[in-house]
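What follows is a single structure, written as structure tokens, with notes after it.
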Amino acid sequence: MIDTSATVERNDPMSSDSGRRYGLLRLRIDRQIAVLPGQFAMIKAHGIFEPLLRRAMAYYRSNQDDGGVHVEFIYQVLGRGTQSLAGLRIGDEVDFLGSLGNTFDIRAARGRTALLVAGGVGSAALFMLAGELLKAGVTTRLLIGGASRGDLCGLDDFIELLSAGNVTSATIDGSHGEKGFVTEPLEARLKAGTDRESIIYACGPDPMLHRVSQIADRYKTPAQLSLEAPMGCGYGVCVGCAVAVKHDSPPGFVYQKVCTEGPVFWHEELHW
Ligand SMILES: Cc1cc2nc3c(=O)[nH]c(=O)nc-3n(C[C@H](O)[C@H](O)[C@H](O)COP(=O)(O)OP(=O)(O)OC[C@H]3O[C@@H](n4cnc5c(N)ncnc54)[C@H](O)[C@@H]3O)c2cc1C
């Protein structure tokens, strides 16, 4: 983990018919750091003290060069932190803390079809995973959902990577793909037994992840979920991101921190 300054190389706004706003932010870091699928960084515009705390953003893409690393994020403009990210211009400095968190278990996908389930901006956490699964020779499909076409973040990049035939989309307004929640085509696929053995990797809003977890239980399919709990520090000190995780002895649950023990958890670990 390094705490450093990064330079903005690109910041492209995107908006959706649903009224939501997003941005694709590309940063350059003048040092080599490891960037793994599912990991995240805490970032904020340099010199801004309102908000004081950095915001967690999942790595979308990255590439190394001789002197350092370029990392990309897709952010949804929600509150003060992401509004200030939206105002960044090329050449601006960003306070960067990363890489943080664990990574997906790619070896668990051996011999299975990987079903990536993304809700809205949660797709960002799954793009590098899709690339690594392909490199490992795993058949990989994406099911991506959102309110409207413009909320299917990264859709064109996923289609380029996986091909259109391996991407299923669902929108609430029916503007792209099936009308409804993305968990519906997921359940239909598992119910039909389309893939002999599968594994689910999901990231999105909590209600979507909860439903994915129920479906994974029902169809006895392993599932890893990447949680986007609000967090303060990103490295285990503030305990603001604690989630309840099942505990056998004594039976019940304990709390774990999404920033250090996550953000990726096996679905059966979580106490919803
Ligand atoms: C590991 C991890 C990875 C993440 N990756 C991404 C990412 O790639 N892209 C991205 O856009 N966000 C991501 N997030 C979520 C992001 O960090 C939060 O949404 C952040 O709080 C936004 O900061 P803000 O200052 O804009 O909004 P805040 O001031 O923190 O909140 C503003 C308003 O938005 C609401 N809000 C906050 N978070 C969410 C949410 N997740 N969903 C719905 N409403 C919310 C709040 O309740 C509040 O009403 C990630 C979070 C984690 C923990």
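What follows is calculated from the coordinates using simple rules that are stated; it is not laboratory data. Everything quoted here is computed from the prediction, not taken from an experiment. We place every Cβ from the backbone using ideal geometry, glycine too, and count neighbours over all the protein chains shown.
Based on alpha-carbon atoms, the Kirkwood radius and the radius of gyration of the range 82-227 give Rg/Rh equal to 0.99. Within a straight-line Cα-Cα reach of under 27 Å, Lys220 can be paired with the following lysines, leaving aside sequence neighbours fewer than 8 residues apart in one chain: Lys135, Lys179, Lys191, Lys246, Lys257. Each residue of the range 204-212 was assigned a 3J(HN,Hα) from its phi angle through the Karplus curve 6.51 cos²θ - 1.76 cosθ + 1.60 (θ = phi - 60°); the sequence is x, x, 3, x, 5, 5, 4, 5, 4 Hz, with glycine and proline shown as x. Between the amide H of His176 and those of Arg149, Thr171, distances stay under 5 Å, these residues lying 5 or more places away or on another chain, with hydrogens modeled in the peptide plane. Maximal additional length on extending the Arg110-Asp195 stretch stands at 29.3 nm, based on 0.36 nm per residue less the C-alpha distance. The charge dipole of the chain, taken about the Cα centre with unit charges on the Cβ atoms of Lys, Arg (+1) and Asp, Glu (-1), comes to about 360 debye, rounded to the nearest 20.
The C-alpha atoms of the range 82-156 occupy a region whose extents along the principal axes are 45, 31, 18 Å, arranged from largest to smallest. Amide hydrogen proximity for Asn102: with H placed 1.01 Å from N in the peptide plane, the residues at 5 or more positions away or on another chain lying under 5 Å are Gly262, Val264.
Charged side chains reduced to their Cβ positions (Lys and Arg at +1, Asp and Glu at -1) give the range 1-61 a dipole of some 80 debye around its Cα centre.
Of Asn102, Asn11, Asn166, the residue with the greatest mean-square motion in the GNM of the chain, using alpha carbon springs below 10 Å, is Asn166. Amide H contacts for Leu116 (H built 1.01 Å from N in the peptide plane; partners 5 or more residues away or on another chain; cut-off under 5 Å): Arg141, Leu142, Leu143, Tyr201.
Across the range 80-92, rounded Karplus estimates of 3J(HN,Hα) from the backbone phi angles (6.51 cos²θ - 1.76 cosθ + 1.60, θ = phi - 60°) give 5, x, 6, 5, 6, 5, 5, x, 5, 10, 4, x, 5 Hz, Gly and Pro being marked x. Scaling the Cα radius of gyration of the chain by the globular reference 2.2 N^0.38 Å produces a ratio of 0.98. Over the range 230-272, all Cα pairs binned in 5 Å intervals from 0 give whole-percent P(r) values of 6, 26, 30, 19, 14, 4, 1, listed from short to long. Estimated at 0.36 nm per residue, the fully extended path between Glu268 and Asp65 surpasses their Cα-Cα distance by 69.2 nm.
Cβ screening of the chain for cysteine pairs under 4.7 Å finds these without a partner: Cys153, Cys203, Cys241, Cys259. Residues in the range 186-201 carry Karplus couplings, in order, of 4, 5, 4, 5, 6, 5, 6, x, 4, 10, 4, 10, 9, 9, 9, 10 Hz; the curve used is 6.51 cos²θ - 1.76 cosθ + 1.60 with θ = phi - 60°, and Gly or Pro positions show x.
Kirkwood analysis of the range 2-100, using all unique Cα-Cα pairs, places the hydrodynamic radius at 13.4 Å.
Relative intensity of the range 146-253 on a log10 scale, I(q)/I(0) at q = 0.11, 0.22, 0.23 Å⁻¹, equals -0.47, -1.31, -1.36, per a Debye sum over C-alpha point scatterers of equal strength in the absence of solvent.
In the chain, with Lys and Arg counted as +1 and Asp and Glu as -1 at Cβ, which of these residues, Gln76, Gly232, Thr168, has the Cα nearest the positive end of the dipole, that is, farthest along it? In the chain, that residue is Thr168.
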